[in-house]
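**Student:** Would you mind keeping the following structure in view while I ask a few things?
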Amino acid sequence: MKTNPAEPKYTPPEPRPAKLKSDTFVLRLYVAGQTLKSLIALTNIKKICEENLKGRYVLDVIDLYQQPRLAQGEQIIALPTLIKKLPPPLRRIIGDMSNTECVLVGLDLQMKV
Amino acid sequence: MTKARKQLPKAPTGIQGLDEITGGGLPKGRPTLICGSAGCGKTLLAMEFLVRGATQFNEPGVFMAFEETAKDLTQNVASLGFDLKNLIARKKIVLDFVYIERSEIQETGEYDLEGLFIRLGQAIDSIGAKRVVLDTIESLFAGLSNQLILRAELRRLFRWLKDKGVTAIITGESGVETLTRQGLEEYVSDCVIVLDHRVSDQVSSRRLRVVKYRGSTHGTNEYPFLIDEDGISVFPVTSLGLRHVASTQRIPSGVARLDTMLGGAGYYRGSSVLISGMAGTGKSSVAAHFAEATCRRGARVLYFAFEESPSQIMRNMLSIGIELSSWVQKGLLQFQATRPAFTGLEMHLTGMHKAINVFKPQVMIVDTLNNFVIGDNKIEVTSMLMRLMDYLKMKQITGLFTCLAEGGGGGVLEQTGVAISSLIDTWLLLRDIEIGGERNRGLVILKSRGMAHSNQIREFLLTDHGVELHDVYVGPQGVLTGSARLAQEAQEKAEKLTRQQETEHRQIVLGRKREALEAQIAAMSAEYEAQAAESMGIIGREQAQEVQLKQERVAMGLSRKADAKPGKQKGDSK
C-alpha cells in the first residue's frame, strides 16, 4: 500500500470489506501534522511492514489535525500511535517506531524477550 | 493605589462556602490543583465546579476522566442531583473518558501527548468551554512509562491550558511526602487545595484547606466540609461575621416564676439559652416547658433529641403534666432524634441547617450538647456549636441547649463540657442542694445578657403540673430547701400561732378591763346626773323664791307709793 506522507489520505475507520484474507493486518497510524516524529514513524512502520508482513497488511495514516474527533473515539493520547485493529487483540503502539523489536512485539509478530 | 488592590479575576465555584474562603472562587483562566487521598471528594468537587459553572454561571465545561468511565461518572453524580445526561445533551458539558490500558500499549520510541491536546482542544471548542477538569491526570503515569516525556508534556499541557484561558481543575492523589504522588504541584502552582478525610474516634470528618493561592488572599484554616445530596458544603467558621440583629422581643419560658426572675418577661427572641446541671436536675423538663409554651403561642419548635426517643420524651413529660403529643400532631412541634455518633459533626450541623430551613421554627431545642463530645473533639464541637448558634441568631431563632455539667459539684458546675459559655446569652444553672440527707434541686441564673435578672437561688420542684419555683428559706439557719425548708416553715408557723394566741388573749383581757372601766364610768356619771338634777331643782326653787320676793317687794313699794324705777331696781337686784 502506498501512502504519501505529505498528503495524509482520509480512510474511513470502518473495517475493510471481508474480502481481506483472515490473516491480513489492519493497521492505522495516527499522527498530528507532518512533524519530524510523524515522518520517522511512518518510514519506520512501512519498513517493518514490508519486511515482515509483505502483502498481508493494510496501513492507513490519519492526521488528527484534520479529524480531531477521531482522537476521542479511538482513545488516542500519545502520538504517533499505531493501532493494530486486526487480527485481535487490539494493540496500540506508540512512539516513532524506532525500536523495531518493540514494534514487532506490539504487532504480536515476536514474543517478548 | 486602589488599583493595586484589585483582586485577580475569579471563577466562582458555586460551592457553598468555598467561594467565601477563596474570596470569590478559583483563579480564572488558570489551573488549580486539588489533591487528597482516595475517597476524599476530589472528583465530586471538580464535578460540582463544572456543573455549577454550566448551570449557574453560563460557563460550559469539559470533564476529562482518566479513572471512571462516562457512564459511571454520570451515575455517581446523579446521586447529588446533577443531571449530566441533560447537560451533555444541551451542550453544556462534555464528558471524555480517557482509556489507558498498559497491556495494550507498546512504547517504541519518542512520542508526545499531542493526541490528548487534540482531544481536549476539540472538546473545548465543540461547546466553547470555559472550564476544564482533568481527573486524575496522574493516571497517565500508570499507563505510560516514559516519565521524562510525560513531565515535559504535562508542563506543556498546563501552559497550553493557560493560553486557552480556561479555568482548570487538576486532581491528584496525595503522595507520601509531596502533595501529589507525581509532584503535580510543581506544574500547577497558582492555587492548591488539599482535601482530607480523617477518622478520629471512629467518626469521620472531611476537611478542606487552601494551601496556596497566588495573587489573592484566602482563608488558611482547615474547614470542615461535607458531601450530601446537594453536593459539597464547606463551613467557613471565621468568615461569618457578628452582624446579626438583636431583637428586643421577649418570649416566655413557660415557667411563670422563671419569667419573673428573667426581668419579668422571659428570654430574648433569637438568643441562645443554656441550661446546665447535673444529671437528673430537670434540664429536659425546663426545655419541655419552653417547647410547650412556644407551641401554645402558635409558633413552631424543632426539638433535637440526642438521648431519648420522641415517644420517651413525650411519656416522661406527661408525668410532670406537660402534654407534647398534641403539638406534634398539630405540626407545631417536630422531633429529630438521632444518636450523635450516627454521623460526623458536620453531618449533624448540615442536618440541623436543613431541618431549620425546611421547618422554619421560632425555637430550636438541643438536648443535650454533651453527646457530641466523643473522645477529644471538644475544639471541633465548640466550633460547630459556634457556627450553629451564629446561624440561629442570623435566622432569629431562639436556641435552647441543655448541657450536662461535669464533675462532682462546687465550682465545676460553672463549666460546660463543651466550652461554649461565652456564646450563651442566658445561662440557667440547675444544681443539687444536699441538706439533711436529701437532694433537692435549685435553679439560679448564672447570666442573662441585656436584662435585669434575679440573683436568688430558687428551689426547683417537679410537680405533676409542671415545674414550680419556690423561694428557698433564707434565715438564721442558712439556706434550707426541701423537707428542711418545710420543717422550718412548720416550726415558724407553730411559733407564729403561739404568738397569735397570746396576742388574742391579751386583747381579750384588755377588752374586759375596758368594759369594767366603762361600767364604772357609767355608774359615776349616772350619780353625777342625779346630783346635778337635785342641785338644779334647788337652784330653780331658790330663783323662783327670789323672783317672788322681788315681786312682793315691788308690790310692797307700789303699795307704799315709792318713786324708784322698777328697771333700776331690777338692775340692782342682779
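Rule-based calculations on the coordinates, nothing more; no lab input. Predicted, not measured: the structure shown is a model, and the values here were computed from it. Every residue, glycine among them, receives a Cβ derived from its backbone with ideal geometry; neighbour counts consider all protein chains shown.
**Student:** Given just the C-alpha atoms of the protein assembly as shown, how large is their convex hull per residue in cubic angstrom? Present the calculation step by step, with values, prior to reporting the outcome.
**Tutor:** Working: hull volume 230.1 nm³, N = 687.
Value for the protein assembly as shown: 335 Å³ per residue.
**Student:** Quick check on the exposure proxy: order B:Val328, B:Val286 from fewest to most C-beta atoms within 10 angstrom.
**Tutor:** B:Val328, B:Val286
**Student:** Among DSSP bridges having both ends in the protein assembly as shown, what percentage is antiparallel? Round to the nearest 5. Please list the in-between numbers first.
**Tutor:** Working: 54 of 114 bridges.
Percent antiparallel among DSSP bridges in the protein assembly as shown is about 45.
**Student:** Count charges around B:Gly81 for me, please; just the other residues with Cβ under 15 Å from its Cβ, Lys/Arg as +1, Asp/Glu as -1.
**Tutor:** Net of charged neighbours comes to -2.
**Student:** Find the lysine pairs in segment B:481-574 meeting two conditions, Cα atoms under 19 Å apart and a separation of 8 or more places or different chains, and report how many there are.
**Tutor:** Step by step, the pairs that qualify in segment B:481-574 add up to 7.
**Student:** Treating the angle as unsigned and between 0 and 90°, give the value, to the nearest 10°, between the Cα long axis of helix B:42-56 and the longest Cα principal axis of chain B.
**Tutor:** So the inclination is approximately 80 degrees.
**Student:** Moving on. Using 0.36 nm per residue, how much length does the chain from B:Glu546 to B:Val199 gain when fully extended, once their Cα-Cα distance is taken away?
**Tutor:** Residue separation times 0.36 nm, minus the Cα-Cα distance, leaves 111.4 nm.
**Student:** Continuing with the same structure: Using Cα atoms only, what is the angle between the long axis of helix B:114-127 and the major principal axis of chain B, expressed in degrees (0 to 90) to the nearest 10?
**Tutor:** Rounded to the nearest ten degrees, it is 50.
**Student:** Quick one: compute the contact order of chain B, relative version, from alpha carbon pairs under 8 angstrom and 6+ residues apart, as a percent.
**Tutor:** That works out to 12 percent.
**Student:** Another question about this same structure. Please report B:Leu87, B:Leu226 as a ranked list, fewest other C-beta atoms within 10 angstrom at the top and most at the bottom.
**Tutor:** Listed from fewest to most nearby Cβ atoms, that is B:Leu87, B:Leu226.
**Student:** Let me ask something else about it. With respect to the cross-link table entries B:Lys42/B:Lys71; A:Lys85/B:Lys92; A:Lys37/A:Lys85; B:Lys71/B:Lys130, which display a Cα-Cα separation exceeding 25 Å?
**Tutor:** Correct reply: A:Lys85/B:Lys92.
**Student:** Next up: Taking amide H positions as placed in the peptide plane 1.01 Å from N, state which residues far from B:Phe401 in sequence (5 or more) or on other chains have amide H under 5 Å from it.
**Tutor:** B:Val273, B:Leu274, B:Ile275, B:Val366
**Student:** For B:Phe306, what charge total do you get from the other residues with a beta carbon under 9 Å from its beta carbon, if Lys and Arg give +1 and Asp and Glu give -1?
**Tutor:** -2
**Student:** Additional query: Set Lys and Arg Cβ to +1 and Asp and Glu Cβ to -1, take the dipole of the protein assembly as shown about its Cα centre, and tell me which of B:Ile457, B:Val133, B:His348 lies farthest positive.
**Tutor:** B:Val133
**Student:** May I pose another question? Roughly what angle does helix B:482-560 make with the longest principal axis of chain B, taking Cα atoms, 0 to 90 degrees, to the nearest 10?
**Tutor:** 30 degrees
**Student:** Suppose every Lys and Arg Cβ carries +1 and every Asp and Glu Cβ carries -1, with no other charges. What dipole size does segment B:253-471 come out with about its Cα centre, to the nearest 20 debye?
**Tutor:** Approximately 840 debye in magnitude.
**Student:** What do you get for GluC sites (Glu not before Pro) in segment B:107-196 restricted to DSSP loop and a cutoff of at most 10 other Cβ within 10 Å of the site's Cβ?
**Tutor:** Here the sparse-neighbourhood loop sites are B:Glu177.
**Student:** Now a separate question. Extent of segment B:60-148 along each principal axis, from alpha carbon coordinates, in Å, largest to smallest?
**Tutor:** Ordered largest first, segment B:60-148 gives principal extents of 44, 26, 18 Å.
**Student:** If you place +1 on the Cβ of every Lys and Arg, -1 on the Cβ of every Asp and Glu, and leave all else neutral, what size is the dipole of the protein assembly as shown about its Cα centre, to the nearest 20 Debye? Walk me through the numbers before you get to the answer.
**Tutor:** Values: 87 positive and 77 negative charges, 501 e Å.
Rounded to the nearest 20 debye, it is 2400 debye.
**Student:** Rank the residues B:Lys130, B:Lys447, B:Lys28 as a footprinting-exposure proxy: fewest other Cβ atoms within 10 Å of their Cβ go first.
**Tutor:** The most exposed by this proxy come first: B:Lys447, B:Lys28, B:Lys130.
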